[in-house]
Amino acid sequence: MAVSRRRLIGSLAAGSALAAVAPTDLLSALGAPAYAASPPGDVVGKVSVGYQGWFSCPGDGAPIGGWWHWSRDRFQPPSPGNTTIVSWPDMREYANAYTTAYPRLGDGQPARLFSSYDEQTVDTHFRWMREHGCDTAALQRFNPFGDEGPTRDAMTVKVRAAAERHGRKFYVMYDVTGWTAMQSQIKEDWLNRMSAHTASPAYARQNGRPVVCVWGFGFNDDGRPFAPAACLDVVNWFKARGCYVIGGVPTYWRQGVNDSRPGFSEVYHAFHMLSPWMVGRTGTLDGLDWFHTNVNVPDLADCAAHGIDYQPCVMPGDLSAGHRRHGDFYWRHLYNMTRLGAQGLYVSMFDEFNEGNQIAKTSETQASTPAGAGIRALDEDGTACSADYYLRITADGGRMFKGQLALTPVRPTPPLVGGPPAPGGDLAAGRPASASSQNGAFAAGNAVDADPNSYWESTNGAFPQWWQVDLGAAHAVGRIVLGLPAGWAARTQTLTVLGSTDGATFRTLAGPAGVRFDPATGNTATLTVATTTARHVRVGVTANTAWLAAQLARVGVYAASAADLARGRPVTESSHVQAYGCANIVDGDADTYWESAGNAFPQWVRVDLGSVVAVGQVVLRLPPAAAWQRRTQTIAVETSPDGTAWSVPVAPAAHVFDPATGNRVTLAVPATPGRYVRIRVTGNTGWPAAQLSQLEVYAA
């Protein structure tokens with residue numbers, strides 16, 4: 001069987017048979033400004049992610065049938081002895097799950113996997129892309145003339161629909177591995193099948209042309225034996241049909257050594273954009289720096305000289321090999337390619353659980369991973385990480401790449417949602433910002449860009465106005481810092497601060513009140529607010545004594561001092577109904593909730609804090625809406641260091657949830673060491689089931 005691009009590693013490590021970089025080329029590249037052959041489009045200036053979409057399970061309706069890409073023998077369920085994967089997905093947001101032959105998870109639940117063929121799976125993935133700044137998906141398409149062709153065709157339709165729903169772009173990325181009749185069949189496939197999708201508003205375009213990528217030309221292995229002439233014919237054929245053509249090329253394409261065949265220079269330079277492969281080339285920070293200096297810098301210089309756009313790979317690292325360094329490896333790669341001046345970024349990959357370099361949500365601990373299977377979870381190096389951690393790094397890296405976040409070699413993304421961000425603790429730094437209006441170039445993003453002299457200004461003479469930031473996840477907000485440029489004259493603005501978990505329904509956190517900005521005190525003002533869970537923070541402005549507009553140079557948002565240890569952690573349950581699963585109680589959204597099976601007390605829900613801590617307080621919530629009328633639930637709090645031996649620091653008792661007091665119950669817990677906290681419910685006067693919208697756990 002041909003070696004796939006995801007296995008072409010090993011002897012291609014840094015420096016192995018690498019031809020020397022000419023000093024003059026390197027010096028000229030280092031001294032030259034970043035060059036863009038094309039203006040921003042759907043791939044230039046954007047973050048693209050490789051999307052496999054190639055997992056199938058029996059019963060999902062996929063034409064190919066079986067456990068496609070989960071098992072070596074797809075007609076047998078995946079197990080430790082029959083598998084193609086090295087990482088395990090976090091399964092909490094998939095509506096459908098398929099039971100495997102793996103051992104049960106560490107928390108005792110069945111080991112289940114998703115199917116890419118389920119429309120809800122694709123929709124979930126593209127929602128994650130939207131939420132985390134993944135602009136464009138490169139849909140992988142292998143030889144469609146074999147038995148997987150009908151499934152690949154159907155997946156394209158599903159991806160198109162999801163991209164349209166979530167405002168993402170997508171393009172077809174042909175992988176020519178093992179495709180013996182590629183030269184004629186790739187043209188046939190484009191004309192008869194794939195080109196029809198370019199009519200979609202979601203299909204990626206660059207320079208006004210539909211984007212298509214061909215991956216694999218010039219690789220020095222038996223799976224891609226194509227001669228230069230055949231490859232050049234294909235590239236020119238796509239260009240003649242009005243396409244913008246990306247080449248997925250070997251790491252050493254420029255020199256024609258190591259993973260690249262010699263004699264392909266004309267082919268490589270025929271592409272509009274080059275995206276050299278990097279997966280497996282290094283697993284160390286030093287290695288990434290070596291490639292930046294010795295490969296990426298001269299690569300970009302060569303592309304600039306030929307009018308070609310440069311889209312290098314960035315990768316989170318192989319989780320199964322311990323490369324990730326709790327996010328530092330990925331951030332270094334993003335930082336290096338941003339300071340390089342690359343025209344685009346290609347994330348390898350979104351859903352590649354087969355080789356452990358996925359950014360999609362992944363099992364956090366062994367509690368959500370098959371027991372004894374030897375599969376590493378995200379906390380493999382001792383650092384607790386939330387399932388969405390690598391999506392959040394992608395979002396922050398994308399903002400840095402686009403100039404919305406200051407260039408920094410220091411990873412700003414905290415491993416745990418709601419944990420302290422680094423550096424500085426400002427939850428709003430570099431986050432997406434919007435406003436009711438702007439005056440000229442004084443855009444909303446200026447208030448979160450780390451430049452104290454840039455600022456947002458609204459349309460003049462038209463109060464009220466507002467400015468808003470999306471923190472990316474819900475946080476317990478406790479403090480807001482506002483600023484204007486230090487040299488400005490004193491003024492007072494009448495402000496209101498509001499918070500929201502969903503961006504639609506807002507609650508007042510502070511004001512309205514006049515807030516004084518005085519150069520004698522740095523033109524900053526600090527507002528302490530009652531601790532409130534919010535993902536979206538809005539500053540409303542109704543007056544300004546010095547100018548007929550709202551003005552803000554800085555908005556800093558800081559979490560309350562007490563951290564909710566349960567936020568975003570793995571949770572399990574005794575049961576749930578419909579879509580009201582237990583993940584809702586740790587998502588930071590007060591309006592989503594867990595509801596158990598009805599008329600079947602007792603019921604319980606359990607959270608894994610990731611490590612043993614001295615628990616001192618538990619806060620339980622129901623949705624604050626008045627529709628959730630007053631009710632009493634009988635509740636006990638149980639803790640355990642290992643998930644087996646349990647103590648009961650808070651005995652069963654009746655607790656009232658009243659909308660007049662926010663439908664919130666606070667329970668003091670005698671300082672008790674525990675990694676697992678379990679809430680056991682034995683009665684509810686308002687509904688014959690257990691109900692919770694949020695579980696918050698605080699250290700003693």
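The values are calculated or read from the model by the stated rules, or taken from the named source; none is laboratory data. All of these numbers come straight from a predicted model, not from anything done at the bench. In this analysis, Cβ positions are derived from the backbone assuming ideal geometry, glycine residues included, and neighbour counts consider all displayed protein chains. Note: areas computed on protein heavy atoms with side chains; ligands, DNA, RNA excluded. Shrake-Rupley method; radii C 1.70, N 1.55, O 1.52, S 1.80 Å.
For this structure, a couple of remarks:
- Taking every C-alpha pair closer than 8 Å and separated by at least 6 residues, the mean separation divided by the residue count of the chain gives a relative contact order of 10 percent.
- In the chain, the DSSP-assigned H stretches of four residues or longer account for a calculated mean residue ellipticity at 222 nm of -5000 deg cm²/dmol, using -39500 (n - 2.57) per stretch and the full residue count as denominator.
- Given a 1.4 Å probe and the protein chains as shown, Tyr558 ends up with an accessible area of around 30 Å².
- Semi-axes of the equivalent ellipsoid for region 253-315, computed as √(5λ) from the eigenvalues of its C-alpha gyration tensor and ordered from largest down, come to 20, 13, 10 Å.
- Per-q log10 I(q)/I(0), region 388-507, q = 0.23 Å⁻¹ (Debye; single scatterer per alpha-carbon; no solvent): -1.58
- In terms of accessible area, using a 1.4 Å probe and ignoring ligands and nucleic acids, Ser265, Ser195 rank largest first as Ser265, Ser195.
- In terms of Cα atoms, the Rg and Dmax of region 74-213 work out to 17.2, 53 Å.
- Ser87, Ser574, reordered so the largest accessible area comes first (probe 1.4 Å): Ser574, Ser87
- Å³ per residue enclosed by the Cα convex hull of region 194-270: 98
- Solvent-accessible area of region 261-401 (1.4 angstrom probe, protein heavy atoms only): carbon and sulfur portion equals 46 percent.
- Within region 584-633, chymotrypsin sites (Phe, Trp or Tyr not before Pro) in DSSP loop having at most 13 other beta-carbon neighbours inside 10 Å: none
- Ratio of Rg to Rh over region 478-619 (Cα coordinates, Kirkwood Rh, two decimals): 1.14
- Take 636-643, 509-516 and order them by the average number of nearby Cβ atoms within 10 Å per residue, most first; the result is 636-643, 509-516.
- Probe 1.4 Å, protein heavy atoms only - accessible area per residue of the chain in square angstrom: 35
- With Cα atoms, 0 to 90° folded angle of helix 389-401 axis to the chain main axis: 70
- Averaging Cα coordinates gives a centre for region 292-318 and one for region 561-638; these two points are 47 Å apart.
- Of the Cα atoms belonging to region 627-677, the radius of gyration and Dmax stand at 13.4, 39 Å.
- Cα long-axis angle, helix 119-131 against the chain (0 to 90 degrees, to the nearest 10): 80
- Each principal axis of the Cα cloud of the chain was evaluated for its coordinate range; sorted largest first, these ranges are 77, 68, 44 Å.
- Cα-only Debye scattering, region 172-219: base-10 log of I(q)/I(0) at q = 0.20 Å⁻¹: -0.73
- Over 19 Å [Cα-Cα, region 554-700], rounded percent: 49
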